[in-house]
Structures are given as structure tokens and as C-alpha cells.
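The values are calculated or read from the model by the stated rules, or taken from the named source; none is laboratory data. Predicted model only: the values in this text are computed from it and were never measured. Neighbour counts run over all protein chains shown; Cβ positions are idealised from the backbone, glycine included.
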Amino acid sequence: MDLLKFHFSFGSKILFDFFGFPITNTFLISFLIGIFLSFFFYLSFKDKKILPHKLQNFAGLILETILKYIDLITKDRKKSLEIFPLSATLFIFIFCCNLIEIFPGLGIFPFLKSPSSDLNFTLALAITSMAILHLKALKNLKFNYLKKYFNFESPILFFIGIMELSSEFTRTLALALRLFGNLFCGEILLILAYFLFPPLFSLPFLGLEILVGFLQALIFAFLIVIFYTLINKV
């Protein structure tokens, strides 16, 4: 197999246009994953029972475990419940997107690309997530929240506020680049492993990427919880 046949790309590839809107491979895959997860959790909880069926039990276990670890960070169940929907959604969604890397045909078929290896996708996730955090903080803290960044009581406090505001942009960029960098490098590693080694010897690389995909989803989701906790302090 010729290595030149593999597709390396920092961004996404346009597959087709939908009423003038370009549909990329990463957008299509992330959209399908979103539909699948929505359908999965709908089926899991549409008929809640005292003695849960296997699907409800599995979905419930995932959500309860995530909430338990959020509690360890916030130390406050009320705050945990406020950030839980965003954090849990991010973890499950990103992890499923990361798993696309282990599908056979990676790098051969243009439509097969992990959304997390597309910088546009990770930037969109990071910007949207941080925007939600700041809106929640504004709702909870009102004027005190804005005063944290725009304090005109003295030049020093004003400068500190501007530095704090710039750090929010740095956090957002770091969130996006961390996820993108790890998944893009993992994608290249798997493509090279498929090319250089027989299928059986590629299995350790697959296992490694599953672990990396899990950890990166976990880090992204729980950094959001940490940022939420920090932002809601004045």
C-alpha cells in the first residue's frame, strides 16, 4: 500500500453542499454522533422503571459516575448539578468523536476523520463551552462578575482585571489546541502504524489511542468544571 494514498489534513474536507452550506467530513461525523447519542439516551430513559432495564442501568451508571467526580471538584452539589449537563455532554460526545480514529479505513477514505483532529471542531467546542460558563457566571454573580474584569477603582485593579480577561482567551485557546494536538498526532500515528506494521501488530496502537481519546475527553470536560468553579468566585 502506498503511503501517498493516505490523507493527512489539519482541517476538514468538504464532502458535498447542502443548499449552499458546505458539509465537511468532521461536521457530518459529529452530527451523526450527536444524533446517535440523543437517540441512545432517549431510549435509555423514556420508560423509567424502579428496576431499570440494562440500557437504563448502563446510561444511569455513566451519568452517576460523572456527577460523582464533578462533586469532588466543586464540593457543592448545587454547583455540580448546574455544570453537570455541559460537562457530561462534553465528555460523552468528545469521547465518541475520538473513537472514530480506531475505525478501519482511517486515512484512506476522505469521509473518515475524527472531528477532534479538526482544529475548527475543537475551537468551536472550546469557545461555546467557555461562553456558556461566562453566561452562567454573569447570571449568578451579576455586577460583581463584570467588576472582576473591569474594575475602575484604581489603575492597578484595572490592569489586573484586563490580565484576568486575557487569561480567559488563553484558557479557551489552550482547551482547543490540547484536544486537537493529541488527536491529530494520534491519527497520524495510527495511519503510520497501519502502513508499517501488519494488522495484528497495530492493536497496541489502537489500545493506546482509545486510552488517549478517553483521557482527552475527560480532561476537556473536567477542565470546564474547574474553570466554572474558578469563574464563579470573585
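Just a few scattered comments:
- Residue match in region 136-145 (condition: among the hydroxyl-bearing types (Ser, Thr, Tyr) and more than 30 Å from residue 27 (Cα to Cα)): yes
- In region 17-28, the count of residues that are part of a loop (DSSP other than H, G, I, E, B), farther than 24 Å from residue 95 by Cβ and at pLDDT 80 or above is one or more.
- Test set (1) surrounded by fewer than 21 Cβ atoms within 10 Å (Cβ to Cβ); (2) within 15 Å of the chain's Cα centre (by Cα); (3) touching a residue at least 60 places away in the same chain (Cβ under 8 Å) - residue 73 fails condition number: (2)
- Residue count for region 187-234, restricted to those that are polar (S, T, N, Q) and closer than 22 Å to residue 113 by Cβ: 2.
- The requirement of being surrounded by fewer than 17 Cβ atoms within 10 Å (Cβ to Cβ), over 29 Å from residue 126 (Cα atoms) and at pLDDT 80 or above is fulfilled somewhere in region 156-168, by at least one residue.
- The number of residues in region 40-62 that are surrounded by 16 or more Cβ atoms within 10 Å (Cβ to Cβ) and either among the aliphatic types (A, V, I, L, M) or under 14 Å from residue 226 (Cα atoms) (or both) comes to 1.
- Residue in region 110-121 that is farther than 19 Å from residue 216 by Cβ and of a type in the set (Lys, Arg) present: no
- Note on region 187-227: residues that are among the aromatic types (Phe, Trp, Tyr), more than 19 Å from residue 62 (Cα to Cα) and touching a Ser or Thr at 6+ places or on another chain (Cβ under 8 Å) amount to 1.
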